[in-house]
1. Work out the charge dipole of the stretch 1-121 with +1 on the Cβ of Lys and Arg and -1 on the Cβ of Asp and Glu about the Cα centre, then indicate which of VAL82, GLY93, ASN40 is farthest towards its positive end.
2. At 20 °C and 1.002 mPa s, what whole-number value in µm²/s does Stokes-Einstein give for the translational diffusion of the stretch 118-214, with Rh from the Kirkwood sum over Cα pairs?
3. Measure off 7 Å from each Cα along the Cα-to-Cβ vector at ARG7 and SER186, then give the distance between these two points in nanometres to one decimal.
4. Quick check for me: using +1 on Lys/Arg Cβ and -1 on Asp/Glu Cβ, what's the dipole size of the stretch 152-196 about its Cα centre, in debye to the nearest 20?
5. Given axes a ≥ b ≥ c from the Cα gyration tensor, I'd like to know whether the stretch 7-117 is rounded (a/c under 1.5), prolate (a/b larger than b/c) or oblate.
6. For every other residue with a beta carbon closer than 13 angstrom to the beta carbon of ASN81, add +1 if it is Lys or Arg and -1 if Asp or Glu, then tell me the sum.
7. What's the angle, to the nearest 10 degrees (0 to 90), between helix 299-308's Cα axis and the longest principal axis of the chain?
8. With springs only between Cα atoms under 10 Å apart, run a GNM on the chain and tell me which of ARG69, ARG55, ARG44 wobbles the most.
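The values are calculated or read from the model by the stated rules, or taken from the named source; none is laboratory data. Keep in mind that this is a model prediction, so the values were computed, not measured. Neighbour counts are summed over all protein chains in view; Cβ atoms, including those assigned to glycine, are modelled from backbone coordinates with ideal geometry. We work out accessible area using only protein heavy atoms, side chains counted, and drop any ligands, DNA or RNA first. Shrake-Rupley method; radii C 1.70, N 1.55, O 1.52, S 1.80 Å.
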Amino acid sequence: MKAIVYRRYGSPDVLESAEIEKPTPGDDEVLIKVRAASLNPLDRHIMRGRPPFLRIVFGLRKPRIRPGRDVAGQVEAVGRNVTQFKPGDEVFGVCRGALAEYACSRESALVTKPNNVTFEQAASVGVASLTALQGLRDKGKIRPGQKVLINGAGGGVGTFAVQIAKSFGADVTAVCSTGKVEMVRSIGADRVIDYTQQDFTEDTQRYDLIFDLAATHSLPAYRRVLNPKATCVIAGGGTKVREILISAFEVLVLSRFVSQDFIMFVAKLSNADLTFIRDLMATGKVTPVIDGLYKLSEVPQAMRHLEEGHARGKIVITLQDER
């Protein structure tokens with residue numbers, strides 16, 4: 001089968017299309033005929049081996065795993081302990097090595113695809129939607145009527161966050177770049193701030209919850225626009241070691257001396273949460289936003305686009321035409 005592999009850390013040029021052996025599912029696994037997959041910032045970090053501490057997990061000298069996490073497709077075969085799925089079922093979720101014609105995933109990492117959602121849309125859900133849901137609901141304790149600001153609302157996580165926050169009944173202010181303003185408004189934001197024209201931390205508006213996906217301001221700056229006992233949730237903490245360390249230090253210090261809560265977190269895989277997102281999509285409350293479609297052979301170009309940092313929603317790899 002065809003799959004994207006990398007044999008060393010580096011730029012998108014290290015990504016290669018190769019013929020490899022078709023995987024065999026384990027007892028608790030599902031073999032998926034991949035119809036679509038999508039890219040996440042984690043994919044580029046692993047590809048480049050940065051920040052360096054990622055190499056402790058993914059390989060000191062070269063990546064130990066194939067790229068791609070978010071997947072959607074049809075069940076090809078199931079392990080002997082699998083009870084939820086059968087061959088032919090349409091599923092989506094999270095796996096390793098999704099950028100391939102076939103991939104294996106644990107049964108618990110998949111849910112069935114709604115009929116009103118395409119494979120490309122379903123493939124964009126995984127990591128981004130879990131980050132948005134867990135950041136807003138579990139860490140941010142979002143409630144109806146709250147004023148919520150989402151910084152970085154035009155990206156993969158941000159477009160899910162806007163819609164999920166609205167589904168919880170929040171009043172949503174979205175911060176994004178000029179080219180994404182109309183798109184973000186179209187998915188439900190009550191107010192959209194173009195950060196190239198206005199600094200929201202200098203505004204008079206106060207918020208009950210800030211969901212920060214961009215790491216563009218210091219936490220003391222966020223304090224100026226947070227209500228007393230409000231919460232600021234930081235997902236990711238930036239793309240450089242310096243940004244991550246600064247954010248972590250600020251969270252540690254501020255959380256001890258101020259009334260607001262500052263929280264850094266990384267999303268965890270949850271079948272219940274994937275099911276929750278599936279139901280939101282089935283009822284039309286959440287519609288994945290796709291920036292563009294690329295073929296499997298075009299993954300290096302897709303990764304370059306991801307690295308530019310200007311994608312509107314998710315970047316999706318489709319395998320349907322190649323079959």
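1. The residue sitting most towards the positive pole is ASN40.
2. Details: Rh = 13.3 Å.
Approximately 162 µm²/s, per Stokes-Einstein.
3. 4.3
4. Values: 4 positive and 4 negative charges, 13 e Å.
Computed charge dipole of the stretch 152-196: roughly 60 debye.
5. Taking the square roots of the gyration eigenvalues as a ≥ b ≥ c, the stretch 7-117 is prolate.
6. Working: positive: ARG80, ARG106; negative: ASP27, ASP28, GLU29, GLU107.
Taking every Cβ under 13 Å from that of ASN81, the sum is -2.
7. Approximately 10 degrees, to the nearest 10.
8. The residue with the greatest mean-square fluctuation here is ARG55.
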